[in-house]
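Q: The structure's right below; bear with me while I get my questions together.
The values are calculated or read from the model by the stated rules, or taken from the named source; none is laboratory data. Please read these numbers as outputs of a predicted model, since none were measured by experiment. Positions of Cβ are generated from backbone atoms using ideal geometry, with glycine treated the same way; all protein chains shown enter the neighbour counts.
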Amino acid sequence: MADWPMTFREAFCKYYECAPEEFVVRATRKALHRRARLLKPFILFFNPEHFKPDFEFLEHLGAARNWQQVHAALGAFESNNRLRGGLARNRFKLRASGRRASTLITRVLEEVLETTRSATTT
């Protein structure tokens, strides 16, 4: 499987015009289930560690250079949620969504890689 010319973090930051240090915060906002986005301030107030697995998941995704690495991160995230997720993360989906993250990766990479290809051919 061919590697991308940049990490997902680099592509995301290029697409959203943000600094690499902002990646996890901005990607979390995009990847969280809707209700988790709404309740995030309250959840963090009562349980500051609640989103730690999501941040770690997004760090792994950010380092990905190919789909194999993305699928490995998604699989690990899903397994972790099943084993240690608990009621809030699993039943009420107060966590990042693997599907939303995957859709985000596809959208960002298609746009950024196409732009990169266009720039190199002209």
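Q: Pairs only if they're at least six apart or on different chains, beta carbon under 9 angstrom, first in region 85-106 and in contact (Cβ under 8 Å) with a residue 12 or more places away in the chain and among the hydroxyl-bearing types (S, T, Y), second part of a helix (DSSP H, G or I) and buried (at least 16 other Cβ atoms within 10 Å of the Cβ); list them, first residue then second.
A: Between residues of region 85-106 that are in contact (Cβ under 8 Å) with a residue 12 or more places away in the chain and among the hydroxyl-bearing types (S, T, Y) and residues that are part of a helix (DSSP H, G or I) and buried (at least 16 other Cβ atoms within 10 Å of the Cβ), the close pairs are S97/A31; S97/A36; S102/V70; S102/L74.
Q: Right, here's the next one. Can you find, within region 75-89, the residue that is modelled with the highest pLDDT among those that are exposed (fewer than 15 other Cβ atoms within 10 Å of the Cβ) and among the aliphatic types (A, V, I, L, M)?
A: A76
Q: I've got another one for you. Answer yes if at least one residue in region 90-103 is out of contact with any strand residue (DSSP E or B) (no Cβ under 8 Å at 6 or more places or on another chain), at pLDDT 95 or above and of a type in the set (F, W, Y), and no otherwise.
A: Looking for residues that are out of contact with any strand residue (DSSP E or B) (no Cβ under 8 Å at 6 or more places or on another chain), at pLDDT 95 or above and of a type in the set (F, W, Y), one finds none in region 90-103, hence no.
Q: Taking the stated definitions as given, is F46 modelled with pLDDT of 95 or more, over 18 Å from R100 (Cα atoms) and aromatic (F, W, Y)? Outline the logic, then answer.
A: Details: modelled with pLDDT of 95 or more: yes; over 18 Å from R100 (Cα atoms): yes; aromatic (F, W, Y): yes.
Considered against the rule, which asks whether it is modelled with pLDDT of 95 or more, over 18 Å from R100 (Cα atoms) and aromatic (F, W, Y), F46 comes out as yes.
Q: Which residues, counting only those in region 15-48, are over 22 Å from L74 (Cβ atoms) and in contact (Cβ under 8 Å) with a residue 24 or more places away in the chain?
A: We begin by selecting, within region 15-48, every residue over 22 Å from L74 (Cβ atoms); these are 17-19, 21-22, 38-39, 41-48.
Within region 15-48, L39, I43 qualify.
Q: Among the numbered criteria (1) in contact with a strand residue (DSSP E or B) (Cβ under 8 Å, 6 or more places away or on another chain); (2) over 16 Å from S102 (Cβ atoms); (3) among the hydrophobic types (A, V, I, L, M, F, W, C), which one does A19 miss?
A: The failed condition is (1).
Q: Here is a further query. Taking region 49-74 as the search range and keeping residues that are free of Cβ contacts under 8 Å to residues at least 24 places away in the same chain and closer than 19 Å to T7 by Cα, which one is surrounded by the most Cβ atoms within 10 Å (Cβ to Cβ)? Step through it out loud before you land on a result.
A: Taking region 49-74 as the starting set, the residues that turn out to be free of Cβ contacts under 8 Å to residues at least 24 places away in the same chain are 49, 52, 56, 60, 69, 71-73.
Among the residues that remain, those that are also closer than 19 Å to T7 by Cα are: 56, 60, 69, 71-73.
Values: E56: 15, H60: 17, Q69: 18, H71: 13, A72: 14, A73: 23.
Among them, the one singled out is A73.
Q: Within region 1-19, can you find the residues that are surrounded by fewer than 13 Cβ atoms within 10 Å (Cβ to Cβ) and either more than 23 Å from Q69 (Cα to Cα) or not hydrophobic (A, V, I, L, M, F, W, C) (or both)? Let's see the steps before the verdict.
A: Quick first cut of region 1-19, residues surrounded by fewer than 13 Cβ atoms within 10 Å (Cβ to Cβ) only: 1-3, 17, 19.
D3, E17 - these are the residues of region 1-19 that are surrounded by fewer than 13 Cβ atoms within 10 Å (Cβ to Cβ) and either more than 23 Å from Q69 (Cα to Cα) or not hydrophobic (A, V, I, L, M, F, W, C) (or both).
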